[in-house]
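What follows is a short report on a single structure.
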Amino acid sequence: MKSVLAIDIGGTKIAVGVVDAEGVLSCRFQAMTPIEGTAQELLLVLEGLFDAIENDLDSAGGIDSVRACGVGCGGPMKGGGRLFLRGKSEDGAVVSPLNIPGWRNFALSAEVARLTGLPTIVDNDAKAFALGEGWVGAAHGQSNFIGMVVSTGVGGGIVLNGRLLDGAAGNAGHIGQMVVNPYGHQPPGQIRGVLEAECSGTSIAEWFGSAASEAPRWVRRRTGHLVGQAVGSVANLLDLDLAVVGGSVALGFGDDFLISAQEEIDRICALDYSRGTRIIRAGNGDASPLIGAGALAFRALGMRLGAVLPGGETFGG
């Protein structure tokens, strides 16, 4: 069976796995992101994970089935969503993740292709998440939805009329940069009061004084309320009726988060076309980021992914 290498790069951890054509994840390895590390130190972490997964695949006799590499990485970026063929193209993603200061204008596609020897595609991690959830997750069969990751940072990917939106530079869906509290928090390098400054795990830890996992109920409900405010506004703007959420904050905050988010969505989505908009948990759980990265690679190779059609996805079947 054909398979692809999948990589998820976030501000807390870097994960690598193998995803097959049915959306099944295997051979999973991860390491903590050296958040203050240099570009070279970050690459060394990736190289160590590649070595581990290559040894695992080699011992199982499955290394020859790996056809490409998909990478989901925090943004912003330039040139995301393009397949990079080592030695044949200078195109590829150049990333400047807000939560990884060691990478600024970093040619991630070229470096991953160099390390793995595989055709490589890099895109925003939340767009990859949305793609994976539309393929084999909670949004399967849906043509209009937003996928959201509420974790170390906050990101989003939008599917309209069965197509994953890219935007001019590949950054469409960056819901974390929506202003939800104009008099709110302003972490270094952030715009005051954007969703990421209010609801990311990093921001919650900074203003609450301890890890987001220890946040009291009122913080969990406040986080859900602000996420619901953003989702409701997006639903009214784009005529979609589903939000799928994942990430350590969204999943870890449980029903307090989800119920509060739904209550705010119900308040805001009062128009005929947006009334009834729902927010639900990711169907692939904590595997969603890697399955999404795998979906990027399969899509770039031109393979049909269930109801997902390359070049013009049809999540609705």
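The values are calculated or read from the model by the stated rules, or taken from the named source; none is laboratory data. None of these values were measured; they are calculated from a predicted model. Here Cβ is always computed from backbone atoms with ideal geometry, including for glycine, and neighbour counts include all displayed protein chains.
Summary of values
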{"quantity": "Flag for GLY232 being outside any helix (DSSP H, G or I) and more than 22 Å from THR202 (Cβ to Cβ)", "calculated": "no"}
{"quantity": "Residue count for the stretch 240-278, restricted to those that are out of contact with any Lys or Arg (no Cβ under 8 Å at 6 or more places or on another chain), assigned to a loop (DSSP other than H, G, I, E, B) and among the hydrophobic types (A, V, I, L, M, F, W, C)", "calculated": "3"}
{"quantity": "Close pairs (8 angstrom Cβ cut-off, 6 or more residues apart or separate chains): under 19 Å from ALA126 (Cβ atoms) in the stretch 257-285, in a helix (DSSP H, G or I) and polar (S, T, N, Q) anywhere", "calculated": "PHE257/THR223; ARG278/GLN262; ILE279/GLN262; ALA282/SER288"}
{"quantity": "Residue, modelled with the lowest pLDDT, within the stretch 97-129, restricted to residues that are outside any helix (DSSP H, G or I), of a type outside the set (A, V, I, L, M, F, W, C) and crowded, with 17+ Cβ neighbours inside 10 Å", "calculated": "ASN99"}
{"quantity": "The stretch 203-218, residues that are over 23 Å from the mean Cα position of the chain (by Cα) and not in a loop (DSSP other than H, G, I, E, B)", "calculated": "TRP207, PHE208, GLU214, ARG217, TRP218"}
{"quantity": "Qualifying positions in the stretch 101-122 - in contact with a Cys (Cβ under 8 Å, 6 or more places away or on another chain) and under 19 Å from ASN171 (Cα atoms)", "calculated": "LEU108, THR120, ILE121, VAL122"}
{"quantity": "Test for GLU36: is it in contact with a Pro (Cβ under 9 Å, 6 or more places away or on another chain), surrounded by fewer than 16 Cβ atoms within 10 Å (Cβ to Cβ) and among the charged types (D, E, K, R)", "calculated": "yes"}
{"quantity": "Subset of the stretch 208-227 [surrounded by 13 or more Cβ atoms within 10 Å (Cβ to Cβ) and out of contact with any strand residue (DSSP E or B) (no Cβ under 7 Å at 6 or more places or on another chain)]", "calculated": "PHE208, ALA212, ALA215, VAL219, ARG220, ARG221, ARG222, THR223, GLY224, HIS225, LEU226"}
{"quantity": "In the stretch 276-308, residue surrounded by the most Cβ atoms within 10 Å (Cβ to Cβ) [restricted to those that are under 19 Å from LEU240 (Cα atoms) and modelled with pLDDT under 90]", "calculated": "VAL308"}
{"quantity": "So VAL66, is it within 20 Å of the chain's Cα centre (by Cα) and either in the same structural domain as THR152 (by TED's automatic domain parsing) or at pLDDT 85 or above (or both)", "calculated": "no"}
{"quantity": "Residue in the stretch 248-269 that is within 14 Å of the chain's Cα centre (by Cα), among the hydroxyl-bearing types (Ser, Thr, Tyr) and over 17 Å from VAL180 (Cα atoms) present", "calculated": "yes"}
{"quantity": "Scan of the stretch 154-172 for residues that are out of contact with any Leu (no Cβ under 6 Å at 6 or more places or on another chain) and surrounded by 22 or more Cβ atoms within 10 Å (Cβ to Cβ), ordered by number", "calculated": "GLY155, GLY156, GLY157, VAL159"}
